[in-house]
Amino acid sequence: MLSLNKIFTRLKKNRSSKNSHSDSQKGGPLIIARPDHNISRKHISSAALKVLYGLKDAGFDAYLVGGCVRDLLLGYEPKDFDVATNASPEQVHKVFRRSRLIGRRFKLVHVRYGREVIEVATFRAPPEIEQHIDEQGRIVQDNVFGTLEQDAWRRDFTINALYYNIRDFSIVDFTGGLADLKAKNIRLIGHVETRYREDPVRMLRALRFVGKLDLELDDETERWIPKLAHLLADIPAARLFDETLKLYLSGDAAVTHELLVDYGVFDILFPQAAALMDEDEDDVHTLLTKALENTDQRIDEGKPVTPAFLFAALLWEPVNQLWQHYQAKNISVIPALQKAAAEVLAEQVQRVAIPKRYSIVSKDIWVLQPRLTMRQGKRAIRLVQHPKFRAGYDFLLLRSETGEPLTELAEWWTAFQVVAEDEQQKMVQALPATGRKPRRRRRGKKPVAKSE
Ligand code: ATP
Ligand code: MG
């Protein structure tokens with residue numbers, strides 16, 4: 001594989017005989033021929049190749065574009081492959097039997113081969129200023145087809161606007177993306193403030209790429225983020241949920257989270273959690289930072305991660321604080337926690353719409369925390385069978401590792417899960433008496449065998 005550096009040495013040689021880079025931007029794109037770059041068809045998924053060739057054979061232009069070209073040039077394996085073409089969505093749909101037209105705001109085609117879905121988008125023109133921008137500068141309608149060049153300029157960052165041409169396997173660069181990749185520079189295309197105002201989610205994308213790709217923000221691209229982060233408050237909560245998952249499940253959540261905090265974006269996404277964060281907790285291992293490190297490690301090892309656990313960690317501080325508050329008002333332990341959880345979640349989903357299927361599990365994880373301290377009688381044995389026991393126990397471990405006085409309890413559970421049943425009974429019997437009143441009998445039920 002050619003390294004980026006090698007590509008650039010070759011580029012320089014080519015350029016000295018042709019035009020300079022800035023000239024090439026005015027006079028047309030910089031085109032890097034196949035021998036001068038490292039993208040080989042070996043690294044492109046067979047589904048993506050079928051789509052590219054299918055379009056080409058039907059007489060259309062077809063390019064790989066976006067994150068996949070960027071990642072291939074950087075030597076990473078792309079997460080997915082996106083294709084851009086001059087064929088209209090309907091024409092693309094006609095070429096591929098297993099394809100679907102999707103999207104309302106802008107029509108796209110999804111072409112399916114086995115488990116892989118390739119997204120095919122028709123070249124798009126930049127938004128027409130008067131017609132398509134609302135009073136805050138956001139794009140409200142964005143469905144005008146355009147040329148390859150227009151498609152490049154309306155993309156977010158220069159490094160995301162590189163095209164791989166299936167006709168001659170060259171790379172096409174209108175915006176200076178290759179030079180920025182070489183310089184490890186994330187640069188928004190065009191006037192930075194305007195482009196962030198058009199779509200504030202670009203700020204989240206910028207920080208995600210810093211965390212994930214180990215690149216740096218260009219000065220101007222960086223400078224505007226703290227100034228405009230507040231605009232994210234107006235983005236639909238469902239879209240922010242999607243983006244939040246990408247930010248925290250990228251495999252680089254620990255670094256990305258720090259960036260979100262530093263640039264004032266975390267305040268907008270998770271205001272309740274942000275309000276309780278210590279100013280100088282940078283070096284401290286909080287439950288959240290530890291949870292994020294564990295998440296990154298699991299992703300690195302190819303293990304599954306559950307968003308519910310992540311949200312349980314992200315919102316634990318506000319939930320915990322409100323829980324203590326309600327207990328101080330004489331609400332008993334579990335109802336106080338349930339009330340706190342419900343209130344924190346209700347406020348949170350206004351910014352980041354965590355779906356019920358996750359938040360229910362986050363709540364289970366929280367409610368298991370006090371339940372894990374109640375081990376007498378048959379409770380411990382029943383708790384181990386709770387469907388979310390493992391997550392609750394992992395959460396308890398995190399709390400214990402980050403300073404809460406729970407070491408003994410955590411160790412007890414660590415042992416309890418793995419010993420045989422008779423041993424489990426002995427462990428329960430050996431527990432110190434709780435000094436609690438015996439549990440009141442539930443109405444209509446037979447007395448429980450005396451054990452606590
Ligand atoms: P990854 O898939 O690795 O997260 P990506 O850059 O491919 O990164 P996608 O969301 O798959 O991200 O988007 C594909 C491409 O679409 C981008 O590379 C970029 O060119 C363009 N794009 C995505 N989001 C925006 C946006 N908000 N504004 C302008 N262009 C965008
Ligand atoms: Mg992508």
Quiz item: So residue 270 fits all but one of (1) in the same structural domain as residue 358 (by TED's automatic domain parsing); (2) open to solvent by 50 Å² or more (accessible area, probe 1.4 Å); what number is the exception?
Solution: (2)
Quiz item: Restricting attention to segment 291-346, which residues are among the aromatic types (Phe, Trp, Tyr) and more than 28 Å from the chain's Cα centre (by Cα)?
Solution: 323, 326
Practice problem: Examine segment 237-260 for a residue that is without any contact (Cβ under 8 Å) to a residue 40 or more places away in the chain and farther than 30 Å from residue 322 by Cβ, and state whether such a residue exists. | Solution: no
Exercise. May I ask you to verify whether residue 188 is outside the structural domain of residue 36 (by TED's automatic domain parsing) and modelled with pLDDT under 95?
Key: no
Quiz item: Would you pick out the residues in segment 142-178 that are open to solvent by 40 Å² or more (accessible area, probe 1.4 Å) and among the hydrophobic types (A, V, I, L, M, F, W, C)?
Solution: 144, 145, 153, 169
Quiz item: In this structure, is residue 295 of a type in the set (S, T, N, Q), under 25 Å from residue 371 (Cα atoms) and buried (at least 23 other Cβ atoms within 10 Å of the Cβ)?
Solution: yes
Practice problem: Please tell me if residue 287 is more than 24 Å from residue 222 (Cβ to Cβ), buried (at least 20 other Cβ atoms within 10 Å of the Cβ) and at pLDDT below 95. | Solution: yes
Exercise. State whether one or more residues within segment 212-232 are touching a Gly at 6+ places or on another chain (Cβ under 8 Å) and basic (Lys, Arg).
Key: yes
Quiz item: Among the helices (runs of 4 or more DSSP H) contained in segment 334-430, which hold 2 or more residues that are open to solvent by 60 Å² or more (accessible area, probe 1.4 Å)?
Solution: 356-371, 389-401, 407-416, 421-429
Quiz item: Can we say residue 354 is over 21 Å from residue 324 (Cα atoms) and among the β-branched types (Val, Ile, Thr)?
Solution: yes
Exercise. Being at pLDDT 80 or above, in a loop (DSSP other than H, G, I, E, B) and away from ligand 2 (no atom under 16 Å from the Cβ) is the filter here, so list the residues in segment 93-144 that pass it.
Key: 96, 97, 98, 107, 114, 115, 123, 125
Exercise. Might you let me know whether segment 46-54 holds any residue that is within 13 Å of ligand 1 (Cβ to nearest atom) and surrounded by 15 or more Cβ atoms within 10 Å (Cβ to Cβ)?
Key: yes
Quiz item: Looking at segment 190-205, is at least one residue open to solvent by less than 30 Å² (accessible area, probe 1.4 Å), under 17 Å from residue 314 (Cβ atoms) and assigned to a helix (DSSP H, G or I)?
Solution: yes
Quiz item: Residues in segment 235-263 that are open to solvent by less than 30 Å² (accessible area, probe 1.4 Å) and not in a helix (DSSP H, G or I): how many?
Solution: 2
Exercise. Quick one: which residue in 223, 167, 187, 208 is closer than 30 Å to residue 90 by Cβ and either touching a helix residue (DSSP H, G or I) at 6+ places or on another chain (Cβ under 8 Å) or within 16 Å of ligand 2 (Cβ to nearest atom) (or both)?
Key: 167
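The values are calculated or read from the model by the stated rules, or taken from the named source; none is laboratory data. Here the structure is a predicted model, which is why all the values come from computation and not from measurement. Because the Cβ atoms are built from the backbone with ideal geometry, glycine has one as well, and the counts that use them run over all protein chains shown. Note: accessible area is taken over every heavy atom of the protein model, side chains too, but ligands, DNA and RNA are not part of it. Shrake-Rupley method; radii C 1.70, N 1.55, O 1.52, S 1.80 Å.
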